[in-house]
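Contents: one structure, followed by commentary.
The values are calculated or read from the model by the stated rules, or taken from the named source; none is laboratory data. Just so you know, these numbers come straight off a predicted model, no measurement behind them. Glycine also receives a Cβ, built like all others from the backbone with ideal geometry; neighbour counts cover every protein chain displayed.
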Amino acid sequence: MVCEIYPDETSEFWRSPGVSAGEMKQIRTAVYRLPGAGFAEKDGTFVNSARWLQWKNAALPPPGMARLDQEILARIFLKVRELYQKEGGKFPDAILDATWNYTDPHNPSLAEVAKEINGRALADVTDEKLKQTILRGQQLPGFAWLRDDGSTAAGNWLYCGSWTEAGAMMQRRGTEDPSGQGIYANWGWSWPANRRVLYNRASCDAAGVPWDADRKQVWWSEAQQRWAGVDVPDFKADSPPKDHMGPFIMNGEGVGRLFAPAAAFADGPFPEHYEPTESPLVNPLHPGQSSNPMARRFNSSMDKLGTSAEGYNIVCTTFRLTEHYHYWTKHNPMNVQLAPEPFIEIPAELADDLGLRGGEKIKVTSARGEYIAKAMVTRRIKPMQIDGKKTYQIGIPIHWGYRGIAEDAGRTALKLANILSPAVTDPNAYTPEFKGFLVKVEKV
Amino acid sequence: MDDNILRYTLLERVMHWAAAVTYVYVLLTGLAFYSPHLYWIAMVLGGAPTSRFWHPWIAVLFMAVVAWMLRAWLGDMQITGADRAWGKAVHLYIANHDDGLPPIDRFNIGQKHFFWTMLYAGCVLLLSGIVLWLPEKLPWSLRAVRSAAILLHVSAALVTIGAFIIHVYMGTAVVRGGFTSIIRGEVSPAWARTHHRLWYYRVTNK
Amino acid sequence: MSAGNLRIQAISGHAGPVPGAGTQRQDQVCKLIDTTTCIGCKACEVACLEWNDLPFRETVFDNTYQTMPETAWNYWNLIQFNEHTAADGSFQWLMRKDQCMHCADPGCLAACPADNAIVQYQNGIVDFQQDYCIGCQYCVTGCPFNIPKFNSHTKKMFKCTLCTDRVSQGLEPACIKACPTGCLHFGGKEDMKALAEMRALQLREHTAHARAGVYDPPGVGGTGVIYVLHDITNPEAYGGLPVNPRVPLSVWLWKGPLKWLGNIAMVGGLIGVSLHYLRFGPKKVDGHGR
């Protein structure tokens, strides 16, 4: 089940290039592609990598039969619940007893959902220390109010405080920056607790005095016996400096680490240089173990690796263009106008070696598959001298696939760039190793 | 009159007036593009974009008629010894002392120069005009051709305008009977004897 | 900036004086393009298309990031990309936003025969008025930057308008609004020139670009669009920016001496034949019966 605004590769998998009619019949998966709404057609929040929640309003309604995500989900849920009521089914409690009292249950407003995520009191809740009571039905002001006894409910403790009784914190647009350090405490809402800089206690010395008097973020206030500042202290607010609580509160020992303790990471304890799993050279630090032994590898028949000895002696990387956004904009005439066809960046010297001119079609092959597109011959990529050998690198923008304006017009080879890259991932973050692998290049 | 001589056949008269009408249209629209003070002419002739559209087509038509004339009058327009002799005495012609002039054939040297001027200048106008008609076909690297075409087109046009002024003046104001001859086709024997004696003897077998 | 900016100081193909000519205005507008901070993202290309409702063209891959080889009737603003190897072997990927330069002495306006087809506002913006355009493309001959482009269906010429519709309402041009790096600036000519010179000085003093400078060509009287270039001695490296652009000599000859000669010849001819008639009269034929 796919909800999208364009025909995407996932929902087209069953008729991707190379799948014969016979093979299609063997596929046991039904594919539903529902018309969804684009980002400008939806309310809700964008959350950025600075952890800010910023509310946005829909700029225009979805076209034709396209529906908002929440409406699609709601209508599916209500239909499934109806079927459970009629026919029963496995584990009915979560479905039959789910709270679904939105004003429009078929199309819940995201404001109501956001308030749910923030969390509210289901019964009167009292904090003895603060001598405050939150009444039943009221929004919770922060995650410290969450209880494990069923008297509170929240969608995600991180967002507790984003929509309080004072209103939608993530809709704020205050541009005040009193400290001049770019800390806009009243612009949107930052998780958790509107804290803008994590571990900001570390900006002070052991006595709770900021290291740099010109850039104060938080500090210990003797008068109030609390940590105060232009930012929400990322610290136990009433822990005095003399108690020596460490600023790196997510580590048990409270301080930063120079090495990774066992069991914290799959590899370590110290940073080390490893070559990618497919590399043109052997790791000069330890030739016996060139790449990371803990890197996760998949073991299907497709997950082969190639070596220079087998002829894969050109380094390949994948990248993105300014003109396109992932696999979406190949469906948008404006973007297609700016960058109309797939291409492969080739260093000019490699092009000379191959007798290749710009615009000619080439085939790039890795141990896993092949990719065909026109060459962009460029002097911007110079050959590398590695271990005494001249090594070339090529670059492939990822943005083309099975469907799109150029694809549907028959102007591409309907290939995906990432058929070339290896399914090897970082042992901790699982980031795939798509940026450095080996290929061979030939004219078509 | 019974003893009138046919100077221009029907076909020749049609040729002439076709050329005249097309030339005048091209002249007027061309003048509109030549000078802002005369731009109103294009408005009167159906609007500026319309004039810009028709000017080259009518011009091609003009050149087609001129080509037709060339085929018909190639022989008649060759410049001979008799013409040169007449040319040396042209000051008499200008001052209307025609009796002192040596005899010439169907066309005098002025008329022949007029014909060749219009033909050659017309060719320059045609070639430069094609560049101005379809300049979008010319790449930026060949823009010098465009500049040259503009200058050649204007210069050649001015040459034809000068010739045209003289032609119309001579035919209407100076040479009485000339205008009638290109409408009705006939001239009197006296006219023929006076202005084109060799032609007169030739066509009357004298 | 107000609607007063739409007062006109020059009109193409116009007989007689232009009412707004010769008046002095302080607010000549200017777009400053700093090629040293352009990243070639093409937001300006897209903004121009969207603001002006220009339809898309089909493009093809041509071994470059440049969207198409030159501007078009429906593509008024184009980033020119050039992989440039300097004489000393150093390599730069140069990117220059190419569009109408809004010359103070516009060659297009000088060459145009059609009354009112091209106007120059008192704020310096040069604008085509398609209602009056006859599609003769003389403006292409007049322009040293290869800017005016022909629509073969409507037979009209088009180019960048410096967003005169936005500027007259106090807004900056669409390209400037869209630029994410701030390499495009908009303001009065003196302010932009000063800013450009400051930036060029900064480049010369603090970077390896010892020949950085400001491109504001005097041959066309200066322009409403100026560039900061890494190397002012080599503008042609920036996708063919002409070194010393001028209104072509042929246009000057044509609208100047040749026109005077022609007028004298024609009027002189008419006067001449009139005098001849007055002096000599028509020819008489003896025995000529009419």
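In segment A:258-276, how many residues are surrounded by 12 or more Cβ atoms within 10 Å (Cβ to Cβ) and assigned to a loop (DSSP other than H, G, I, E, B)?
Number satisfying all stated conditions: 10.
Restricting to segment A:264-319, name every residue that is among the aromatic types (Phe, Trp, Tyr) and without any contact (Cβ under 8 Å) to a residue 24 or more places away in the chain.
Keep residues of segment A:264-319 that are among the aromatic types (Phe, Trp, Tyr), which gives A:265, A:270, A:274, A:298, A:312, A:319.
Selection gives A:270, A:274.
Test of understanding: among C:114, C:110, which residue is within 30 Å of residue B:148 (Cα to Cα), touching a residue at least 40 places away in the same chain (Cβ under 8 Å) and over 16 Å from the mean Cα position of the chain (by Cα)?
Unique residue meeting the criteria: C:114.
Residue A:224 fails exactly one of the following numbered conditions: (1) surrounded by fewer than 17 Cβ atoms within 10 Å (Cβ to Cβ); (2) part of a loop (DSSP other than H, G, I, E, B); (3) assigned by TED's automatic domain parsing to the domain that holds residue A:431. What is the number of that condition?
The number of the failed condition is (3).
Given the criterion closer than 20 Å to residue A:321 by Cα and not in a strand (DSSP E or B), identify the matching residue among C:70, C:45, C:83.
Just one listed residue meets the conditions, C:45.
Hey, does segment B:72-93 have a residue that's closer than 22 Å to residue B:182 by Cα, crowded, with 18+ Cβ neighbours inside 10 Å and touching a Leu at 6+ places or on another chain (Cβ under 7 Å)?
Yes, segment B:72-93 contains at least one residue that is closer than 22 Å to residue B:182 by Cα, crowded, with 18+ Cβ neighbours inside 10 Å and touching a Leu at 6+ places or on another chain (Cβ under 7 Å).
State the number of residues belonging to segment C:234-262 that are touching a helix residue (DSSP H, G or I) at 6+ places or on another chain (Cβ under 9 Å) and among the polar types (S, T, N, Q).
Counting residues in segment C:234-262 that are touching a helix residue (DSSP H, G or I) at 6+ places or on another chain (Cβ under 9 Å) and among the polar types (S, T, N, Q) gives 2.
Pull out all pairs, ordered by first then second residue, where Cβ-Cβ is under 9 Å, the residues are six or more apart or on different chains, the first lies in segment C:203-215 and is of a type in the set (Phe, Trp, Tyr), and the second is at pLDDT 95 or above and surrounded by fewer than 20 Cβ atoms within 10 Å (Cβ to Cβ).
C:215/C:232
Taking into account only those residues within segment B:165-179 that are at the interface with chain C (Cβ under 9 Å from one of its Cβ atoms) and either in contact with a Lys or Arg (Cβ under 8 Å, 6 or more places away or on another chain) or touching a residue at least 12 places away in the same chain (Cβ under 8 Å) (or both), which is surrounded by the fewest Cβ atoms within 10 Å (Cβ to Cβ)?
The selected residue is B:176.
Please go through (1) surrounded by 15 or more Cβ atoms within 10 Å (Cβ to Cβ); (2) in contact with a Phe, Trp or Tyr (Cβ under 6 Å, 6 or more places away or on another chain) for residue A:196 and return the number of the only condition it doesn't satisfy.
(2)
Got a sec? Which of C:45, C:70 is under 30 Å from residue A:376 (Cα atoms), under 21 Å from the mean Cα position of the chain (by Cα) and more than 14 Å from chain A (Cβ to nearest Cβ)?
C:70
Given (1) farther than 30 Å from residue A:300 by Cβ; (2) buried (at least 20 other Cβ atoms within 10 Å of the Cβ); (3) in contact with a strand residue (DSSP E or B) (Cβ under 8 Å, 6 or more places away or on another chain); (4) more than 10 Å from every other protein chain (Cβ to nearest Cβ), identify the lone condition not met by residue A:355.
Going through (1) farther than 30 Å from residue A:300 by Cβ; (2) buried (at least 20 other Cβ atoms within 10 Å of the Cβ); (3) in contact with a strand residue (DSSP E or B) (Cβ under 8 Å, 6 or more places away or on another chain); (4) more than 10 Å from every other protein chain (Cβ to nearest Cβ) one by one, residue A:355 breaks only (2).
Specify the residue that is nearest to the chain's Cα centre (by Cα); the eligible residues are those in segment C:167-190 that are of a type outside the set (Val, Ile, Thr) and exposed (fewer than 14 other Cβ atoms within 10 Å of the Cβ).
C:190
Is there a residue in segment C:273-285 that is in a loop (DSSP other than H, G, I, E, B) and more than 12 Å from chain B (Cβ to nearest Cβ)?
no
Residues to consider are B:133, B:140; find the one that is touching a residue at least 24 places away in the same chain (Cβ under 8 Å) and among the aromatic types (Phe, Trp, Tyr).
Among B:133, B:140, only B:133 is touching a residue at least 24 places away in the same chain (Cβ under 8 Å) and among the aromatic types (Phe, Trp, Tyr).
Give segment A:391-420 a look and list any residue that's polar (S, T, N, Q) and over 22 Å from residue A:351 (Cα atoms), or say none.
A:418 - this is the single residue of segment A:391-420 that is polar (S, T, N, Q) and over 22 Å from residue A:351 (Cα atoms).
Taking only segment C:206-253 into account, find how many residues are more than 21 Å from residue C:85 (Cβ to Cβ), surrounded by fewer than 19 Cβ atoms within 10 Å (Cβ to Cβ), more than 15 Å from the chain's Cα centre (by Cα) and within 14 Å of chain B (Cβ to nearest Cβ).
3
Report the residue count in segment C:113-146 for those that are closer than 19 Å to residue C:20 by Cα, in a loop (DSSP other than H, G, I, E, B) and more than 9 Å from every other protein chain (Cβ to nearest Cβ).
Going through segment C:113-146 one residue at a time, the tally reaches 6.
Cβ-Cβ below 7 Å, separation at least six or inter-chain, first residue in segment A:374-391 and in contact (Cβ under 8 Å) with a residue 60 or more places away in the chain and more than 13 Å from chain C (Cβ to nearest Cβ), second assigned to a loop (DSSP other than H, G, I, E, B) and surrounded by 12 or more Cβ atoms within 10 Å (Cβ to Cβ): which pairs?
Once the first residue is in contact (Cβ under 8 Å) with a residue 60 or more places away in the chain and more than 13 Å from chain C (Cβ to nearest Cβ) and sits in segment A:374-391, its partners that are assigned to a loop (DSSP other than H, G, I, E, B) and surrounded by 12 or more Cβ atoms within 10 Å (Cβ to Cβ) give A:386/A:280; A:386/A:281; A:387/A:281; A:391/A:280; A:391/A:383.
Looking at this structure, is residue C:51 more than 7 Å from every other protein chain (Cβ to nearest Cβ), at pLDDT 95 or above and surrounded by 20 or more Cβ atoms within 10 Å (Cβ to Cβ)?
Judged against the criteria, residue C:51 is not a match.
Please determine whether any residue of segment C:157-166 is more than 30 Å from residue C:250 (Cα to Cα), buried (at least 21 other Cβ atoms within 10 Å of the Cβ), modelled with pLDDT of 95 or more and away from chain B (no Cβ under 14 Å).
yes
If you go through segment B:30-40 one residue at a time, do you hit one that is within 14 Å of chain C (Cβ to nearest Cβ), part of a strand (DSSP E or B) and not charged (D, E, K, R)? Lay out the reasoning, then the answer.
Keep residues of segment B:30-40 that are within 14 Å of chain C (Cβ to nearest Cβ), which gives B:30-40.
Add one more test, that the residue is part of a strand (DSSP E or B), and what stays is none.
No, because not a single residue in segment B:30-40 is within 14 Å of chain C (Cβ to nearest Cβ), part of a strand (DSSP E or B) and not charged (D, E, K, R).
Please work out which one of (1) crowded, with 20+ Cβ neighbours inside 10 Å; (2) touching a Gly at 6+ places or on another chain (Cβ under 9 Å); (3) not assigned by TED's automatic domain parsing to the domain that holds residue C:47 is the condition residue C:265 fails and give its number.
Of the numbered conditions (1) crowded, with 20+ Cβ neighbours inside 10 Å; (2) touching a Gly at 6+ places or on another chain (Cβ under 9 Å); (3) not assigned by TED's automatic domain parsing to the domain that holds residue C:47, the odd one out for residue C:265 is (1).
Could you list all residues from segment A:74-104 that are surrounded by 10 or more Cβ atoms within 10 Å (Cβ to Cβ), charged (D, E, K, R) and in a helix (DSSP H, G or I)?
A:75, A:79, A:81, A:82
So which residues in segment B:51-75 are more than 16 Å from the chain's Cα centre (by Cα), without any contact (Cβ under 8 Å) to a residue 24 or more places away in the chain and closer than 19 Å to residue B:131 by Cα, if there are any at all?
Going through segment B:51-75, the residues more than 16 Å from the chain's Cα centre (by Cα) turn out to be B:51-57, B:75.
Among the residues that remain, those that are also without any contact (Cβ under 8 Å) to a residue 24 or more places away in the chain are: B:51-53, B:57, B:75.
The answer is B:51, B:52, B:53, B:57.
Would you be able to tell me the number of residues in segment A:302-340 that are assigned to a loop (DSSP other than H, G, I, E, B), crowded, with 17+ Cβ neighbours inside 10 Å and of a type in the set (Ser, Thr, Tyr)?
Selection size over segment A:302-340: 2.
Failed condition for residue C:99, given (1) out of contact with any His (no Cβ under 8 Å at 6 or more places or on another chain); (2) modelled with pLDDT of 90 or more; (3) within 14 Å of chain A (Cβ to nearest Cβ), with all others met?
Answer for residue C:99: the failing condition is (3).
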